[in-house]
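Everything on this sheet refers to the single structure shown next.
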Amino acid sequence: INGVLAVAIIILFILFFTSNKKGTTDNQTLAQFSSTDSTSLLPIAYINVDSIYLNYNFAKDANDALMKRYNSSNATLTQKQRQLESAYADYQKKAQNNAFLTQERAQQEAMAIQKMESELQSLAQRHQEDYVREQQKMNGQIADSVRSILGEMNKTANYQIILSNNGLDNVLLAKDGYDITAKVVSFLNNRYKPESSK
């Protein structure tokens, strides 16, 4: 839908800017693209979202911090998984050697292991939910920064439309002049002040 909408808007701009002032145009003129097309004639631009994530310093710092938390959570989960495996192996060994004094004691230890397993699953789910929530928060902050900087840039650039491009999602083909990603990244990085430098 985004692609179709973008193509329709581009066609409308081309029709508007290539029509003659008297309102009389022939169909051949409308179907042809002028060799002088430029961003001033067709005030549309796009940014490559992947490049923003790769080159915007805040995005890199936020992603590094998120990965550190993720790795720390994984280390905790791995440690608890090992404790559970050790407890289960110990229980099996005792059960095989008839080391439990009573059946009730064996059941208590089995229930303790089940509780450990349930707690581990809950912890893993909580860590996953926290990671997703933090990732969404980071993406929201990056999107807010990009929208804000685009608003500032467009006070002088006067683009009518600025599209986002993620891989080949929206913009399948465009002249290099319409790609303003490098300018946006430069503006973003100039404005970003890491916490350590504050």
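The values are calculated or read from the model by the stated rules, or taken from the named source; none is laboratory data. Computed from a prediction, not measured in an experiment: that's the story for all the values here. Don't worry about glycine lacking a Cβ; one is built from the backbone with ideal geometry, like all the others, and counts go over all protein chains shown. With ligands, DNA and RNA removed, areas are computed over all heavy atoms of the protein, side chains included. Shrake-Rupley method; radii C 1.70, N 1.55, O 1.52, S 1.80 Å.
For the range 144-158, just list the computed ³J(HN,Hα) in residue order, Karplus coefficients 6.51, -1.76 and 1.60, θ = phi - 60°, integers in Hz, with x standing in for Gly and Pro.
Once θ is set to phi - 60°, the couplings for the range 144-158 become 4, 4, 5, 4, 5, 5, 5, x, 5, 4, 6, 4, 10, 6, 6 Hz.
Mind checking which aspartates and glutamates have their C-alpha under 18 Å from LYS155, skipping anything on the same chain fewer than 8 residues away?
The qualifying aspartates and glutamates are ASP144, ASP179.
Describe numerically, in nm with one decimal, the distance between label points set 7 Å from Cα along Cα→Cβ at VAL132 and at SER164.
Between VAL132 and SER164, the simple spin-label model gives 1.9 nm.
Just to confirm, what accessible area per residue do you get for the range 78-172 at 1.4 Å probe, in whole Å²?
73 Å²
What full-extension length gain, to one decimal in nm, is calculated for LEU84 and PHE100 as 0.36 nm per residue of separation minus the Cα-Cα distance?
Value of the extension gain: 3.9 nm.
Figure the gain on full extension for LEU123 and ALA174 (residue separation times 0.36 nm, minus the Cα-Cα span) and round it to one decimal in nm.
13.6 nm
Quick one: net charge of ASN154's neighbours, Cβ under 14 Å, K/R +1, D/E -1?
That sum, taken over residues with Cβ under 14 Å, equals +2.
Using alpha-carbon positions, what is the distance between the centroids of the range 172-193 and the range 136-150, in Å?
So the two Cα centres are separated by 14 Å.
Taking a 30 Å limit on the Cα-Cα distance, which of the listed pairs LYS94/LYS115; LYS115/LYS137; LYS137/LYS175; LYS68/LYS93; LYS137/LYS183 fall beyond it?
Those over the limit are LYS115/LYS137; LYS137/LYS175; LYS68/LYS93.
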